[in-house]
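Asks: I'd like to ask you about the structure that follows.
The values are calculated or read from the model by the stated rules, or taken from the named source; none is laboratory data. If you're wondering where the values come from, they're calculated on a predicted model, not measured in any experiment. Neighbour counts run over all protein chains shown; Cβ positions are idealised from the backbone, glycine included.
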Amino acid sequence: MKKLPDRMGGAIDNFVEARPATGHALLVGTAVAAVTALAVTDIVFGVDNAAVGLLAVGPCLAAVAAGSRAVAGVGGYALLWSIGLTWGAGETMISALHVQSGVALVGATVLSVIVAHRRQVLQAAAAKAEAGRRMLAAVVECSDDAVIAMNLEATIESWNSGAQRMFGYRADEVIGTNIAIITPRAGMTSLPALFARIRRGEVTGHYETRAVRRDGTRLDVSASFWQLRDATGAVCGAAASCRDITESKRAGEAQRVLAAVVDGSDDAIVAKTLDGTITAWNPGAQRMYGYRPDEAIGRNITLITLPEESAELVGILARLADGEHIDHYETRRVRKDGTVLNVSVSISPICDDNGTVTGASAITRDITDRMRAEAERRDLAERSQHAQRLQSLGHLAGGIAHDFNNLLAIILNYSAFIIDVSDTGDAVRADAQKIRTAAERGTALTRQLLVFARGEPASTRRFDLNTVVADAQNLLERTIGADITLIARPASHPAVINADRGQIDQALLNLVLNARDAMPDGGTLIIEVGTTDLDDTAIDLQPALPLGSYARVLVSDTGVGMSREVTRHILEPFFTTKPKGRGTGLGLATVYGIVTQAGGGLNIYSEVGIGTTIRLYLPLADNPATSAETAEPDLAPDGTGQVIMVVDDEDALRAVIQRALNAHGYAALTASGGAEALSLLADHHVDLLLSDMIMPHMSGRQLAQQARQRFPDLPVLFMSGYSDGQLTDQQLITNAAELLQKPFVTADLLRAVHTCLTGQHPTAGIR
């Protein structure tokens with residue numbers, strides 16, 4: 001059969017699409033009934049055979065809803081009736097009318113089959129398209145994104161569930177309103193330009209903007225717009241898809257801020273994999289370790305760790321793989337230039353989206369300076385405690401010396417009385433001489449205690465330390481023995497100081513004797529004089545000294561040395577490392593007292609098995625000596641009856657002083673305390689007040705003040721077993737007051753009394 005033209009097919013398509021759908025079985029039954037009715041009518045009423053062609057109405061009717069097979073069946077049924085009717089008429093020859101009718105019936109049947117097939121194809125396509133539309137609508141409705149359709153006047157015409165969740169409006173509340181309902185005031189001016197572009201058919205694309213919810217909350221949204229077109233292709237509206245990016249934008253901003261913090265941090269922030277490969281390296285790490293990012297990233301973390309810490313690093317990475325956090329872990333790291341740093345590291349595991357640990361992030365802070373400062377603070381605290389302990393022991397030593405000096409003064413003077421009245425060669429005189437010698441040795445011991453107690457030197461003069469070492473060299477060589485080599489190195493220029501020459505000699509002798517005892521098998525002893533400028537790098541000085549120029553005496557031995565613990569206590573009085581009975585423990589304590597009295601300090605460095613070096617620092621003399629070394633004065637002349645008020649709480653000492661004064665032309669009155677002395681002063685004329693400084697109830701200073709209120713011109717002479725330096729520190733006397741140091745012999749007493757009475761030295765300044 002000839003193929004139908006395309007336009008006929010199009011017409012059929014339009015016809016079929018325009019027909020309403022009817023039941024398949026009903027239409028097929030109707031078509032069979034129609035064919036049967038026509039055939040029966042022809043038989044009953046004898047219709048002309050040309051009416052056979054009307055049977056084609058059957059397949060045509062079936063084609064409206066039935067499938068192509070059903071239509072072909074109805075057509076075959078009609079064709080059988082057509083043949084039967086033709087032969088039933090009794091005609092022996094088939095006329096042209098019969099042929100035409102048959103051809104028409106066959107043609108109608110074929111056409112009906114084509115129509116039925118095309119209708120089936122169109123129905124299947126329409127059903128598929130409808131399913132796609134329903135699926136697309138469901139996708140749009142269920143989307144988390146807001147999908148909104150508008151006309152060209154920006155009036156909302158559709159509103160999905162995502163838009164309701166995002167903006168808070170129901171569809172019935174916004175459909176028919178302008179899109180401005182979700183547009184912030186600041187964005188209103190851009191809407192006309194946007195819809196003008198949509199009308200022109202321009203592609204608007206994707207951009208980020210702001211939107212406002214029903215409750216007024218502002219949102220950051222990512223919006224995409226596209227045109228909607230009608231059947232003719234003309235732009236009839238616009239659709240928008242909006243996604244809420246508020247959180248992601250906030251997160252992105254937080255990441256940018258975090259990245260800026262990481263880049264600006266002074267701490268080193270380093271990320272690495274679990275096998276130690278460096279994956280991130282911030283500028284702080286570059287400043288701390290000296291490596292650029294391109295030099296560090298991709299290399300192992302052992303780049304900045306010390307070899308001896310490799311095993312520890314493996315353990316740390318294993319702990320991180322188990323998800324453990326490591327906070328404020330103190331260790332060491334090495335810079336590119338080899339410098340070793342003390343660092344505090346906090347390490348956290350890095351996990352992927354599934355929670356699996358994939359690496360680690362370390363924040364490292366350089367604590368080298370902090371640890372150095374802490375060590376210096378600890379050292380300063382230790383030295384301060386040591387100085388306080390020495391000061392306390394000094395006060396104790398001064399107190400002991402004060403009481404002991406009273407006893408020694410009694411022993412010395414009574415032994416002198418015995419010697420004066422005994423004949424030469426008398427056994428009693430010899431015994432008294434031995435007593436006096438022992439007392440003098442006790443006096444030397446108490447002087448060491450007073451030196452440690454930091455009393456001021458008895459007399460100072462200007463001298464060169466080079467001379468001290470040169471004068472002492474021969475004596476020291478005989479003292480230390482032949483198995484010790486003594487090397488004396490004077491300074492190339494004078495090292496002049498103001499100090500008590502005898503005390504400096506004693507300090508040097510004490511140091512040499514200690515060095516000799518530290519070298520029982522022999523060794524080398526070096527004494528070196530020089531000058532130096534102390535600056536901020538001077539440490540471990542006891543006590544700390546102001547910056548400036550100092551003379552330095554170094555005494556170094558190759559002996560057994562001392563541990564750090566022993567060194568910390570070596571300056572304490574009575575502390576000794578020597579066997580019992582071989583040392584008093586006052587040698588270095590005395591040196592410390594002598595040096596500090598002279599305004600200096602010392603430093604001790606010792607290593608066990610190597611030796612000890614002690615450096616004495618003494619202020620250089622910038623001005624001429626304030627007092628010169630003078631010859632021992634002659635014995636003072638006897639008194640001429642002057643009345644001396646002797647005040648002391650020690651009965652035996654008062655008796656000794658009274659006896660000595662009375663024996664040399666003075667008249668002595670005695671009192672055991674301040675109250676008794678004031679009472680006697682009110683009743684007797686007194687030419688000189690001789691008072692102990694430290695007494696119970698009323699000190700010598702208080703007694704002098706009250707006596708001066710009654711007798712302003714009364715001379716006062718103090719006596720004390722303490723040093724004048726201690727008394728000055730306690731504001732008990734001033735530098736202008738006269739002080740007689742205990743223990744003293746008769747000659748010392750008479751010189752001091754004569755000086756005060758004749759006015760050779762001022763006694764002003766007692767307040």
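Asks: Quick check: anything in region 208-219 under 16 Å from M150 (Cα atoms) and touching a residue at least 40 places away in the same chain (Cβ under 8 Å)? Walk me through how you get there before you give the answer.
Replies: From region 208-219, those under 16 Å from M150 (Cα atoms) are none; that's our starting set.
Looking for residues that are under 16 Å from M150 (Cα atoms) and touching a residue at least 40 places away in the same chain (Cβ under 8 Å), one finds none in region 208-219, hence no.
Asks: Going through region 255-276 one residue at a time, which ones are small (G, A, S) and either outside any helix (DSSP H, G or I) or surrounded by 11 or more Cβ atoms within 10 Å (Cβ to Cβ) (or both)?
Replies: A259, S265, A268, A271, G276
Asks: Ok, one more. Quick check on region 685-701: of everything there that is at pLDDT below 90 and not aliphatic (A, V, I, L, M), which residue is farthest from L750 (Cα to Cα)?
Replies: Per the stated criteria, the residue is H697.
Asks: When you look at A677, is it crowded, with 21+ Cβ neighbours inside 10 Å and closer than 18 Å to T640 by Cβ, yes or no? Break it down into steps so the answer makes sense when it comes.
Replies: Numbers: crowded, with 21+ Cβ neighbours inside 10 Å: yes; closer than 18 Å to T640 by Cβ: no.
No.
Asks: Right, here's the next one. Taking region 189-207 as the region of interest, how many residues are in contact with a helix residue (DSSP H, G or I) (Cβ under 8 Å, 6 or more places away or on another chain) and more than 23 Å from R170 (Cβ to Cβ)? Explain how you work it out, then say what you get.
Replies: Within region 189-207, the first condition is being in contact with a helix residue (DSSP H, G or I) (Cβ under 8 Å, 6 or more places away or on another chain), and the residues that meet it are 191, 204.
Then keep just the ones that are more than 23 Å from R170 (Cβ to Cβ); that gives 204.
Selection size over region 189-207: 1.
Asks: Of the residues that make up region 215-227, is at least one touching a helix residue (DSSP H, G or I) at 6+ places or on another chain (Cβ under 8 Å), outside the structural domain of R333 (by TED's automatic domain parsing) and of a type in the set (S, T, N, Q)?
Replies: Taking every residue of region 215-227 in turn, at least one turns out to be touching a helix residue (DSSP H, G or I) at 6+ places or on another chain (Cβ under 8 Å), outside the structural domain of R333 (by TED's automatic domain parsing) and of a type in the set (S, T, N, Q).
Asks: Restricting attention to region 520-531, which residues are touching a strand residue (DSSP E or B) at 6+ places or on another chain (Cβ under 8 Å) and surrounded by fewer than 21 Cβ atoms within 10 Å (Cβ to Cβ)? Working first, answer last.
Replies: Going through region 520-531, the residues touching a strand residue (DSSP E or B) at 6+ places or on another chain (Cβ under 8 Å) turn out to be 522-531.
Of everything in region 520-531, those that are touching a strand residue (DSSP E or B) at 6+ places or on another chain (Cβ under 8 Å) and surrounded by fewer than 21 Cβ atoms within 10 Å (Cβ to Cβ) turn out to be G522, G523, T524, I526, E528, G530, T531.
Asks: Can you tell me which residue is farthest from S241 (Cα to Cα) among those in region 145-157 that are free of Cβ contacts under 8 Å to residues at least 60 places away in the same chain and either outside the structural domain of A180 (by TED's automatic domain parsing) or in a strand (DSSP E or B) (or both)?
Replies: By that ranking, first place goes to T155.
Yes/no per residue for (1) surrounded by 17 or more Cβ atoms within 10 Å (Cβ to Cβ); (2) among the aromatic types (F, W, Y); (3) in contact (Cβ under 8 Å) with a residue 40 or more places away in the chain; (4) assigned to a helix (DSSP H, G or I):
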{"position": "L303", "(1), (2), (3), (4)": "no, no, no, yes"}
{"position": "E308", "(1), (2), (3), (4)": "no, no, no, yes"}
{"position": "V314", "(1), (2), (3), (4)": "no, no, no, yes"}
{"position": "L317", "(1), (2), (3), (4)": "yes, no, yes, yes"}
{"position": "L320", "(1), (2), (3), (4)": "yes, no, yes, yes"}
{"position": "D327", "(1), (2), (3), (4)": "no, no, no, no"}
{"position": "E330", "(1), (2), (3), (4)": "no, no, no, no"}
{"position": "G338", "(1), (2), (3), (4)": "no, no, no, no"}
{"position": "P349", "(1), (2), (3), (4)": "yes, no, no, no"}
